[in-house]
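Engineer: Here it is, the structure, as structure tokens.
Values in this text are rule-based calculations from the coordinates and carry no lab data. Keep in mind it's a predicted model, so treat the numbers as computed, not measured. Positions of Cβ are backbone-derived with ideal geometry, glycine not excepted, and every protein chain shown enters the neighbour counts.
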């Protein structure tokens, strides 16, 4: 069984969202599809489309959340790999059955889908997110 | 034109161990595996949707991947964008004054490839790849 069907997005931690958006649009020509400030997650983000996936540039807007700690400890760079799954519950059950730890299921930022993180121990250091979008 | 994410590169300590998660648990198909001597890695491409996940295991102590592993541990390493003309894309990138690692395209696992400098892209190591036919 295939638990992930495509790359949904890659999240990149940046210090200054405005200048990072300028850099990525100017360097690569990817269109910005959405910008949002998400106080609940303590980040502001911009989504840039590339093919059937997106790059998410985000700037922490709080000082004590995991994205802010990542930026302080490691500097700017890739933070999360998000893979789309057909059925999140099935995928999480399959992971748990193999003894792999998974996090709480939470709604996506747009409120239409659901996501959960997989323990970086299982993924070889990757903060891996599985995301299920609402069926149209 | 950069048309899609060709792959996301992940540095791992041991390819066979990483297969247990990415191939056996996530269920991704290993499309290609090879030693790339000039990058000092044993690498594999696993298909996910229209893109791939590239797993990179260092095979000597001198390459950039070995240094990354020593300094940062396993995890996300680079993003590769697909182009149908890597030479033209690299030339356009250099003409914009964007710092690059490779002055000319070279052969890699994904085809003809080149790397840009992470300092030009908010700490993200970016690769361009022009795929070649899988007849080698």
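Engineer: Sort out for me the Cα centre separation of the range B:56-88 from the range A:24-100, rounded to whole Å.
Structural biologist: 21
Engineer: Hey, got the average number of other protein chain Cβ atoms within 10 angstrom for residues in A:113-125?
Structural biologist: Values: counts 0, 0, 0, 0, 0, 3, 0, 3, 2, 3, 10, 15, 12.
That works out to 4 on average.
Engineer: From the gyration tensor of the Cα coordinates in chain B, what semi-axes in whole Å does the equivalent ellipsoid have, largest first, with each one equal to sqrt(5λ)?
Structural biologist: Details: eigenvalues 111, 62, 36 Å².
Square roots of five times the eigenvalues give 24, 18, 13 Å.
Engineer: Need one number: the % of Cα-Cα pairs in the range A:18-72 sitting beyond the 19 Å mark.
Structural biologist: Working: 472 of 1485 pairs.
The answer is 32 percent, as a whole percent.
Engineer: First check a/c for the range B:64-136, with a ≥ b ≥ c the square roots of the eigenvalues of its C-alpha gyration tensor; if it is under 1.5, answer rounded, and if not, answer prolate when a/b is larger than b/c or oblate otherwise.
Structural biologist: Working: a/c = 2.34, a/b = 1.21, b/c = 1.93.
Verdict is oblate for the range B:64-136.
Engineer: Counting only other chains, what is the mean number of Cβ atoms within 10 angstrom of the Cβ of each residue in peptide A:27-39?
Structural biologist: On the way: counts 9, 10, 3, 2, 0, 0, 0, 0, 0, 0, 0, 0, 0.
Across the residues of A:27-39, the mean count of other-chain Cβ atoms within 10 Å is 2.
Engineer: Here's another thing I want to ask about it. Kindly identify the range B:32-72 as rounded, prolate or oblate by the Cα gyration tensor criterion: order the square roots of the eigenvalues as a ≥ b ≥ c, call it rounded if a/c is under 1.5, otherwise compare a/b with b/c, prolate if a/b is larger, else oblate. Write out the running numbers ahead of the final one.
Structural biologist: Details: a/c = 3.56, a/b = 1.78, b/c = 2.00.
The shape class here is oblate.
Engineer: While we're looking at this one, here's another question. Cut-off 10 angstrom, C-alpha nodes, Gaussian network model of chain B. Which of B:122, B:62, B:14 fluctuates the most?
Structural biologist: Ranking B:122, B:62, B:14 by mean-square fluctuation puts B:122 first.
Engineer: Counting DSSP beta bridges in the range A:6-132, what percent are antiparallel, to the nearest 5?
Structural biologist: Numbers: 29 of 38 bridges.
Given both bridge residues lie in the range A:6-132, the antiparallel proportion sits at roughly 75 percent.
Engineer: Here's a follow-up. When you count, for each residue, the other Cβ atoms within 10 Å and take the mean per peptide, how do B:33-41, A:51-59 rank with the highest first? Present the calculation step by step, with values, prior to reporting the outcome.
Structural biologist: Details: B:33-41: 15.6, A:51-59: 21.6.
Top of the packing list down: A:51-59, B:33-41.
Engineer: Which residue, A:29, A:125, A:75, tops the fluctuation ranking in a GNM of chain A built on C-alpha contacts under 10 Å?
Structural biologist: Residue with maximal mean-square fluctuation among A:29, A:125, A:75: A:125.
Engineer: Given C-alpha coordinates of chain A, what is the ratio Rg to Rh with the Kirkwood estimate of Rh? If you can, show how the numbers build up before the last one.
Structural biologist: Values: Rg = 15.1 Å, Rh = 15.6 Å.
When Rh is taken as the Kirkwood radius, the ratio is 0.96.
Engineer: Taking chain B as a Gaussian network, where each spring joins two C-alpha atoms under 10 Å apart, which residue of B:123, B:73, B:49 fluctuates the most?
Structural biologist: Among B:123, B:73, B:49, the largest mean-square fluctuation in the Gaussian network model of chain B belongs to B:49.
Engineer: Sticking with this structure for a sec: Please state, as a whole number in µm²/s, the translational diffusion coefficient that the Stokes-Einstein equation yields for the protein assembly as shown at 25 °C and 0.890 mPa s, with Rh defined as the Kirkwood radius across alpha carbon pairs.
Structural biologist: The estimated diffusion coefficient comes to 129 µm²/s.
Engineer: Another question, then. Sort the range B:1-44 into rounded, prolate or oblate with this rule: let a ≥ b ≥ c be the square roots of the eigenvalues of the Cα gyration tensor; rounded if a/c is under 1.5, and if a/c is not under 1.5, prolate when a/b is larger than b/c, oblate otherwise.
Structural biologist: oblate
Engineer: Another question about this same structure. Mean separation of Cα pairs under 8 Å and 6+ residues apart, divided by the residue count of chain A: what relative contact order is that in percent?
Structural biologist: That works out to 25 percent.
Engineer: Residue A:1 to residue A:52: extension gain in nm, 0.36 nm per residue of separation minus the Cα-Cα distance?
Structural biologist: Values: separation 51, 0.36 × 51 = 18.36 nm, distance 2.24 nm.
The span from residue A:1 to residue A:52 would gain 16.1 nm if fully extended.
Engineer: Along Cα→Cβ, 7 Å out, is where each label goes; now give me the distance between the ones at residue A:69 and residue A:38 in nm to one decimal.
Structural biologist: Each label point lies 7 Å from its Cα, and together they span 1.8 nm.
Engineer: Further question on the same structure: Mind giving me the FRET efficiency for residue A:25 and residue B:38? R0 is 35 Å, r the Cβ-Cβ distance, nearest 0.05 is fine.
Structural biologist: On the way: r = 32 Å, r/R0 = 0.93.
Using R0 = 35 Å, I get an efficiency of 0.60.
Engineer: Note down the nm distance, to one decimal, between modelled labels 7 Å out along Cα→Cβ at residue B:31 and at residue B:119.
Structural biologist: Rounded to a tenth, the inter-label distance reads 3.3 nm.
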